[in-house]
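Here is the structure we will look at.
The values are calculated or read from the model by the stated rules, or taken from the named source; none is laboratory data. These numbers were taken from a predicted model, which means no experiment stands behind them. In this analysis, Cβ positions are derived from the backbone assuming ideal geometry, glycine residues included, and neighbour counts consider all displayed protein chains.
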Amino acid sequence: METIYLSRYLLPVSSPSLQDGALVARNGRIVALGQRKEVTAAYPQAAVVDFGDAVVLPPLVNAHTHLELTHFPDWAQKAGETSQPQSFVDWIQQVIRVKRAQPHKSYAPSLKEGICQSLAAGTGAVGDILSYFPARNEYQQAPINGRIFLETLGRDPLQNRKILKSIGAILDSRLLGNLQLGLAPHSPYTLSAEYLEECLNFASRRRIPLSLHFAEAPEEVAFLEASQGEIAERLYPFVGWVGMVPPPAHRRPLAYLADCGGLKDPLLLVHGVQVFASEAPSIAAAGASVALCPRSNARLGVGMAPVRAYLDAGVNLALGTDSLASCDTLSVWDELAFARSWFGGEVSPGELLTMATKGGARALGLELLLGGLHVEGGVNFQVLRPAALPPFAELEEFLTSSGRSSEVSELYLDGSNVLQKG
């Protein structure tokens, strides 16, 4: 039996928006989209759920986050780490100190809370970076979709081999609920060139996607080009990598990654701030996606990603919240509103909404499941119930303004309202 879902506005993303829209579901699939009058006439025996003055649209996709750090603000407070870091490396050191002070048992409840906060904000899928692998069990019963990228870093060859072996065992188990698996070599400055290449080859053999923190801060550029700056002088000694600073690569991040054989599909580059406009076409040609995290970039003072150059070059862009170590919330709605202000007139509200839905789904390999509402697609959507709806012509501007997170009332994943079930 069909069920018709009605709302004042229906925003499929994959096709034009509708006033007085209707979505018809049968056996877990969308079978029709259209105007209320025509759809209800075509399916007279269907059950009807009328959301009234609401907006129905796809769930948002958080393409880059660290949900295991959801309790980070509390951890930092308890550890006495309340000062604001003055530089990118200051922040990294603070994160390391706080994480080292936490017992391993802290990670699973922190991750679980991150999942709950994400769902409550209308997020249907995440690209989650996981460093404490046992916490992954929290995903087994969770309704959220996405991909877990198992993180690795280091410059000790023996330890590196142990980490990849443990990752291989997890990949063999495949017990992670609705989420698929990937690999996250942390960044070009925290892995040796040899280990980065080993990770790339490992992912290729396993046929799994990669996520990489990339070109985030000026300090990374200085390190790769000249093996100088705060990463070499402060971070490496801090983590015990004394004497491990490599010779200068004389390469910017993109050229360095390409020389290591890493610029290829499927690849999700995170941040991408320190990228010249002239480099964007190479990323597009490789089929790689870029997850932008503007609130994190602003908090850490690392600069602004060249969003217009990316869009003009045809790079697939997504949005991510990063972690609560560098961001105030895990809501992609909040990220959208900030991004609209941060990027100013460089990007339109429609382009931002595409990044947060279709772009994120593509970045995580979920194009057939999420990213838009379309016939034969799954019954995955969220419902926003604002106190007052804008005129239809102003809908996209309204959706990229602040305040949307608190208006999420329902989130349907695989045909079920997961918020109603708690």
Limited to segment 387-422, what total is found for residues that are under 21 Å from the mean Cα position of the chain (by Cα), small (Gly, Ala, Ser) and outside any loop (DSSP other than H, G, I, E, B)?
2
Show the residue pairs meeting these rules: Cβ distance below 7 Å; 6+ apart or different chains; first residue within segment 130-147 and within 16 Å of Leu364 (Cβ to Cβ); second residue in a helix (DSSP H, G or I) and not small (Gly, Ala, Ser).
Leu130/Glu68; Leu130/Arg136; Ala142/Ile115; Ile144/Ile115; Ile144/Leu119
Report yes if some residue within segment 377-386 is small (Gly, Ala, Ser), at pLDDT 95 or above and either part of a loop (DSSP other than H, G, I, E, B) or in the same structural domain as Ser131 (by TED's automatic domain parsing) (or both); otherwise report no.
no
When you go through Ala305, Ala285, Ala298, Ala280 one by one, which is the residue that is in contact (Cβ under 8 Å) with a residue 24 or more places away in the chain, part of a helix (DSSP H, G or I) and in contact with a Gly (Cβ under 9 Å, 6 or more places away or on another chain)?
Ala280
Return the only residue of Gly344, Gly372, Gly403, Gly377 being surrounded by fewer than 18 Cβ atoms within 10 Å (Cβ to Cβ) and over 19 Å from Ser118 (Cβ atoms).
Gly344
Given the options Phe381, Phe392, Phe398, name the one that is of a type in the set (A, V, I, L, M, F, W, C) and free of Cβ contacts under 8 Å to residues at least 60 places away in the same chain.
Phe398
Can you tell me which of (1) surrounded by fewer than 23 Cβ atoms within 10 Å (Cβ to Cβ); (2) more than 25 Å from Leu368 (Cα to Cα) is the one Ala217 doesn't meet?
(1)
Just the residues that are at negative phi, under 13 Å from the mean Cα position of the chain (by Cα) and part of a loop (DSSP other than H, G, I, E, B), please, taken from segment 330-376.
Leu330, Ser331, Leu364, Leu366
The residue from Ile163, Ile92 that alone is crowded, with 18+ Cβ neighbours inside 10 Å, of a type outside the set (Ser, Thr, Tyr) and without any contact (Cβ under 8 Å) to a residue 24 or more places away in the chain is Ile163
From the list Ile283, Ile231, which one is at pLDDT 95 or above and touching an Asp or Glu at 6+ places or on another chain (Cβ under 8 Å)?
Ile231
Residues that are closer than 15 Å to Lys165 by Cβ and crowded, with 18+ Cβ neighbours inside 10 Å, drawn from segment 186-207:
Tyr195, Glu198, Cys199, Phe202, Ala203
Given the conditions (1) closer than 20 Å to Ala363 by Cα; (2) without any contact (Cβ under 8 Å) to a residue 24 or more places away in the chain, and given that Arg97 satisfies all but one, which numbered condition is not satisfied?
(1)
Just give me the residues in segment 204-217 being modelled with pLDDT of 95 or more and under 17 Å from Ala169 (Cβ atoms), in sequence order.
none
Just a yes or no: is a residue in segment 133-152 modelled with pLDDT of 95 or more, outside any loop (DSSP other than H, G, I, E, B), surrounded by fewer than 20 Cβ atoms within 10 Å (Cβ to Cβ) and of a type in the set (A, V, I, L, M)?
no
Checked segment 1-13 for anything in a strand (DSSP E or B) and of a type in the set (A, V, I, L, M, F, W, C); matches are Ile4, Leu6, Leu10
Within segment 223-244, the residues that are at negative phi and either aromatic (Phe, Trp, Tyr) or surrounded by fewer than 17 Cβ atoms within 10 Å (Cβ to Cβ) (or both) are Phe223, Ala226, Gln228, Glu233, Arg234, Tyr236, Pro237, Phe238, Val239, Trp241, Val242, Met244
Check segment 16-26 and report whether any residue there is touching a strand residue (DSSP E or B) at 6+ places or on another chain (Cβ under 8 Å), of a type in the set (D, E, K, R) and either buried (at least 22 other Cβ atoms within 10 Å of the Cβ) or under 19 Å from Glu376 (Cα atoms) (or both).
yes
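Residue by residue, here is whether (1) assigned by TED's automatic domain parsing to the domain that holds Thr357; (2) within 23 Å of Ala203 (Cα to Cα); (3) surrounded by 17 or more Cβ atoms within 10 Å (Cβ to Cβ) holds:
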position	(1), (2), (3)
Arg252	yes, no, yes
Cys260	yes, yes, yes
Ile283	yes, yes, yes
Arg299	yes, no, yes
Gly303	yes, no, no
Pro306	yes, no, yes
Ala309	yes, no, yes
Asp312	yes, no, no
Thr321	yes, no, yes
From the options Leu389, Leu411, residue that is modelled with pLDDT of 95 or more, hydrophobic (A, V, I, L, M, F, W, C) and crowded, with 22+ Cβ neighbours inside 10 Å
Leu411
